[in-house]
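Contents: one structure, followed by commentary.
Read-outs throughout are calculated quantities, based only on the coordinates presented, and are distinct from any laboratory measurement. The structure presented is a predicted model; accordingly, all values stated were derived computationally and were not measured. Note that we place each Cβ from the backbone using ideal geometry, even for glycine, and neighbour counts take in every protein chain shown.
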Amino acid sequence: MRLISFILSFLFYSIVNGQQMSGTLPDIICYPDDLYSVFGNINIGNLEKINSSDLDYNAVLVGDGLIFTSTRAQASSKHAATAGGGKLNAWKKKLSTLFYARLSDGKLDDPVPLTGEVNDEYHESSASFSYSENLMFFTRSSAKKGKRGKRQLKIYMAERSGEEWVNIREVPFNGDDFSTCHPAISPDGTRLYFSSNRPGGFGGMDIYVSTFRNQAWSAPVNLGPVINSTGNEVFPCISKDEVLYFSSSDQGGFGRLDIFRSKKLHPDSERTWQIKQNLGAPFNSPGDDFGFYINADNSGGLFTSSRNGGKGRDDIYYWQLVDQPIFRASIMPPLLDSDLDIRY
């Protein structure tokens, strides 16, 4: 699995082509029936402006733009200045890096790396933000190797200081012999959902939650066998109305990683999740589909896919309700059955 092997070892507007620059738009992809029971009639499109030929994934809306992860090649000059005037600890090549694309007058600017104490010599990815957007949780590869000589993934926190992210520190439940990654902070800031392959799980990567009580993070709790399987459960996202979205390699889906959702029967119990529901097409494809994000009023969001027809290995896509348009973006044409990669 291309994405999983990479991770484990290591909007809403966009202008991207001459059609939009001249004021005309290509046809929108509409799916009036596929997901009526989940979100209603939706449009879906590829955010070509910020995608590259490499891995681009896990985009979230923050302030007046979006933040996402990319492995695109970069210049080698150290301490290079970004478009925002900040300094980058080290420009990297082929390491996962956190990027920011500003939304201005309905159009996305060219992406630039986040500045401050982030984006150093290690992989960094999968950011999640507090309600105030002044606290960021993100994944970083460990500087220390574990017993098997491998660097694990860990979750870190960073604080906003102007345009920079500083005061980076680890969460207390990381480990040197297993990975802890893909953080998703709850809307009220009291719970952090994440993926981990720590001992005691049900499969490869499981989804856990830690609660912030008395100024400390609790020991992680596994969400149980209704959510987790013998496969991999990764990239959680918790919505404002407390619906958990995540991706799973569990059998019976459309392809490799599929996006699912679930809601708790009892809000105060993390072991009362309902049977997970596959979001179906067009969110899921024969490829990897993950990194789901939904806005506060459930009218649109983002997700990542390795489906055929994209710009790179993994691309960021948008989705929106037809009757509540949020995005204006250049999009790829709809896929035909003949386009599907039978290797999946």
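One table, with the values for the structure above:
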read-out: Ranked list, fewest to most other Cβ atoms within 10 Å of each Cβ, for TRP319, TRP217; value: TRP217, TRP319
read-out: Gain in span if fully extended, LYS263 to ASP323, counting 0.36 nm per residue against the direct Cα distance; value: 19.1 nm
read-out: In order through the stretch 215-230: 3J(HN,Hα) via Karplus (6.51 cos²θ - 1.76 cosθ + 1.60), integer Hz, x for Gly, Pro; value: 6, 8, 8, 6, 4, x, 10, 6, 6, x, x, 6, 8, 8, 10, 6
read-out: GLY116 long-range amide H proximity, modeled H, under 5 Å; value: LYS87, ASN89, TRP165
read-out: Inter-label distance for ASP188 and GLU170, nm, one decimal - labels placed 7 Å from Cα along Cα-to-Cβ; value: 3.0
read-out: Computed E for ASN41/ARG213 - FRET, C-beta separation, R0 45 angstrom, nearest 0.05; value: 0.60
read-out: Hypothetical label at GLN251: residues of the stretch 275-292 whose amide nitrogen lies under 18 Å (7 Å Cα-Cβ projection); value: 276, 278
read-out: Contour minus Cα-Cα distance for ASP177 and GLU133 (0.36 nm per residue); value: 12.7 nm
read-out: Difference of contour (0.36 nm per residue) and Cα-Cα distance, ALA296 to VAL112; value: 63.7 nm
read-out: Per-pair calculated FRET efficiency, R0 = 45 Å: THR272 and ASP54 via Cβ, rounded to 0.05; value: 0.65
